Amino acid sequence: QKEVEQNSGPLSVPEGAIASLNCTYSDRGSQSFFWYRQYSGKSPELIMFIYSNGDKEDGRFTAQLNKASQYVSLLIRDSQPSDSATYLCAVNIRPNFGNEKLTFGTGTRLTIIP
Amino acid sequence: DAGVTQSPTHLIKTRGQQVTLRCSPKSGHDTVSWYQQALGQGPQFIFQYYEEEERQRGNFPDRFSGHQFPNYSSELNVNALLLGDSALYLCASSVAGNEQYFGPGTRLTVT
């Protein structure tokens, strides 16, 4: 079982709709969760992070965390063509001072259809 | 406020050669992590530096080594390059393990 799993996609969503991206992780002790957006040929850009169960909203983005079910999701409201990218889920499995490596999923490719 | 910078942008090397990649962290950040990203994959953790010491290491051979300088900048060195080392090398900076921000990366091609 992979430590962090994502559906590789591609996920196609009409412009203006809600895009829903999911990620599951294997280590129940994981504490910190991150979503990165990566455009083709570019480096990952941090767009959301969440540490506590529940929802966290930032503009059109909402991150959702359910530690009991070991999944984290990203919702993108009012999807725009500029949201077309690969979205990487990253988990800090055992965060403490001196142990801060991120484990990434393989990413979900999202395409917004105009 | 300058973000994370990396140099060079692109690099082409021959098998067996050695390469050095450089990273300057975001202003105010003291921790530098290095990742390797192969095409179609997520970044893989190589190692992390804090206070000029390697604090944590991923599953990479000893051919991969690094250094952090007093100004928090960092270098990644790879010896005896293999074709499989061709990848995007990413540097990320953070403050004591909080959110990590990536630089633009160095695209290494080994021929």
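Amide H contacts of B:Thr5 (H built 1.01 Å from N, in plane; Pro and chain starts excluded): B:Ser24 sit under 5 Å, all sequence-distant by 5 or more or on other chains. Summary value for chain B: 37 percent relative contact order, contacts being C-alpha pairs under 8 angstrom separated by 6+ residues. Counts of other chain beta carbons within 10 angstrom of each beta carbon in peptide A:102-112 average 3. Overall size of segment A:23-97 from C-alpha positions, given as principal axis extents largest first: 36, 25, 20 Å. For the protein assembly as shown, taking the reciprocal of the average inverse distance between every pair of different Cα atoms yields a Kirkwood hydrodynamic radius of 18.0 Å.
Take the Cβ atoms of A:Lys56 and A:Leu11, set R0 to 22 Å, and the FRET efficiency comes out at 0.55.
Going by average Cβ density within 10 Å per residue, which order do the peptides B:26-39, B:66-79 take, highest to lowest?
Values: B:26-39: 19.1, B:66-79: 17.4.
Ranking the peptides B:26-39, B:66-79 by packing returns B:26-39, B:66-79.
The string of couplings for segment B:79-94 from the Karplus curve (6.51, -1.76, 1.60, θ = phi - 60°) is 9, 6, 4, 10, 4, x, 7, 5, 5, 8, 9, 10, 10, 10, 10, 7 Hz, one whole number per residue in order, with x for Gly and Pro.
Across peptide A:44-54, the mean count of Cβ atoms from other chains lying within 10 Å of each residue's own Cβ comes to 2. For chain B, the alpha-carbon coordinates run over 38, 25, 24 Å along the three principal axes, in decreasing order. Here the extension length gained between B:Ser7 and B:Glu54 equals 14.9 nm, from 0.36 nm per residue of separation less the Cα-Cα distance.
The HN-Hα couplings worked out from phi for segment B:11-22 by the Karplus form 6.51 cos²θ - 1.76 cosθ + 1.60 (θ = phi - 60°) are 8, 10, 10, 9, 3, x, 6, 10, 9, 10, 10, 10 Hz, whole numbers, x standing for Gly and Pro.
The 3J(HN,Hα) values that the Karplus relation (6.51, -1.76, 1.60; θ = phi - 60°) gives for segment A:107-114 are, in residue order, x, 10, 7, 10, 10, 9, 9, x Hz. Gly and Pro appear as x.
Shielding value for B:105-111 is 1, the average number of Cβ atoms from other chains within 10 Å of each residue's Cβ. Simple rule: put +1 on each Lys or Arg Cβ and -1 on each Asp or Glu Cβ in the protein assembly as shown, find the dipole, and look at A:Pro10, B:Ser73, B:Trp34; the Cα lying farthest toward the positive end is A:Pro10. By a straight-distance test (C-alpha under 16 Å), which aspartates and glutamates pair with A:Lys42 as possible cross-link partners, with residues fewer than eight away in the same chain excluded? By straight Cα distance, A:Lys42 reaches A:Asp83.
Each reported figure results from applying straightforward, stated rules to the coordinates on display, with no laboratory input. Not measured: the values here are computed from a predicted model. All Cβ positions, glycine included, derive from the backbone under ideal geometry; neighbour counts span all protein chains shown.
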